[in-house]
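Every number here is computed from the coordinates shown, using simple stated rules; none is lab data. Just so you know, these numbers come straight off a predicted model, no measurement behind them. So basically every Cβ, Gly included, is an ideal-geometry build from the backbone, and we count neighbours across all protein chains shown.
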Amino acid sequence: MSSNIQTVAIELGDRSYDILIGRGLLTDPARLADLAFKGDALIVTNETVAPLYAAQMQATLAQLHPRVDVLALPDGEAHKHWGTLNLIFDRLLSTAADRKTVLYALGGGVVGDMTGFAAACYMRGIDCVQVPTTLLAQVDSSVGGKTAINHPMGKNMIGAFYQPRRVLADLSTLDTLPSREFAAGLAEVIKYGPICDLAFLEWLETNMHRLLARDDDAVAYAVRRSCELKAAVVASDERESGLRAILNFGHTFGHAIEAGMGYGAWLHGEAVAAGMVMAADLSERMALLRSTDAKRIRELIAAAGLPIAGPAISPAQYLELMRVDKKSEGGQVRFVLLDGLGRGCVRPAPDDLVLSAIESHTAG
């Protein structure tokens, strides 16, 4: 049985749900029993995670569902497209899944996004539970109901807002996470400080060495605090009509890196890390952020073992890719910038300043 479980509530009226954070959640059916699911279950995972955790999850869910099936998708951002999404629909249709069927997303952000999108679409909506197994998914992508697949012209451009019934963030799954993936997840932890919580930024500066050593208490606090901050933003702006856009700090530049390099060449968190450096630089050039504060962000990202310069894509290509962004309006790119540390804002920026920020932080 799990112990020392922390709960963060996402308050969205009749779509409200809890994020449970702690060890042992995958093997504790009591953490889902109150949802009183009646139908079958399909665990959607990938070929990397399945050998590690699918059997555990299947045994747990067998105590809650009459039938539990497992579908292992190919692993990686390169497979986050219509073809892979259709594998989920193929399995649901071939097993005569109905509206009581529950999807469980067991994996990282790619699995979570595609499973959530499948749940939103199948029979116009079935229940979904997010079971994130990467740091990035636990602190960001599993929370808030944004689901999507990629298009060759833009990341996450095809999707839906669809809230899960629950999120189970089992910290024990991070024990098997490769160091590169763990560091990539830290990018999504770091972003919360500059956009909305200066005290958390200061905590990260002091405790980054503990996080990299995967100290249990430090990791648990970072995951919980990240979820609390995202919960507050999502509760006030579920469908990203205003405030929620600040959660995309670094992502406009980062998505351009991912699309320009080919999905999967850079991990999402790595691209966001370099993107945050560029966004901080742009904030400084627009006289919103002090140079010393932009330097603090850059140094924290470097301390996490993340890139502080983007790949050698031409600045003009960056601009072209960024125009295919969900925050663009009328072809004008709107950036998440910093109006001082701890205050994210969304606004357009002149092309010359954007190009200068890119040129200053692009690998030669």
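Worth a mention:
- Residue-averaged 222 nm ellipticity for the chain, from DSSP H runs of 4+ at -39500 (n - 2.57), nearest 500: -12500 deg cm²/dmol
- Restricting attention to the chain, close to 40% of DSSP beta bridges with both partner residues there are antiparallel.
- Highest mean packing comes first when the peptides 73-79, 98-104, 213-219 are listed by Cβ atoms within 10 Å, giving 98-104, 73-79, 213-219.
- Between Glu205 and Asn4, the FRET efficiency estimated from the beta carbon spacing at R0 = 35 angstrom works out to 0.85.
- Listed residue pairs exceeding 27 Å between alpha carbons, taken from Lys80/Lys230; Lys80/Lys191; Lys100/Lys146; Lys38/Lys230: Lys38/Lys230
- Inter-probe distance in nm under a simple model that places probes 7 Å from Cα toward Cβ, at Ser16 and Met153: 4.1 nm
- Rounded, prolate or oblate (a/c below 1.5 giving rounded, otherwise prolate when a/b exceeds b/c) for the stretch 3-176 by Cα gyration tensor: rounded
- P(r) tail for the chain: Cα pairs beyond 26 Å make up 47% of the total.
- Fewest-first sequence of His255, His209, His81, His268 by Cβ atoms within 10 Å of each Cβ: His209, His81, His255, His268
- When you count the other C-beta atoms within 10 angstrom of each residue and take the mean per peptide, 110-117, 341-348 line up highest first as 110-117, 341-348.
- Two-site FRET efficiency, Arg290 against Ser241, from Cβ-Cβ distance with R₀ of 51 Å, rounded to 0.05: 0.95
- Inter-probe distance in nm under a simple model that places probes 7 Å from Cα toward Cβ, at Met261 and Ala62: 4.2 nm
- Scanning residues 5 or more positions from Gly107 or on other chains, those with amide H under 5 Å from its amide H are Val131, Thr133, with H placed 1.01 Å from N in the peptide plane.
- Peptides 276-282, 194-200 ordered by packing proxy, namely the average of other Cβ atoms within 10 Å per residue, highest first: 276-282, 194-200.
- Distance histogram for the stretch 179-360 (every C-alpha pair counted, 5 angstrom bins, percent rounded to whole numbers): 1, 9, 18, 22, 21, 16, 9, 3, 1, 0
- A crude spin-label estimate for the pair Ala303 and Asp34, with each label 7 Å from Cα along the Cβ direction, gives 3.7 nm.
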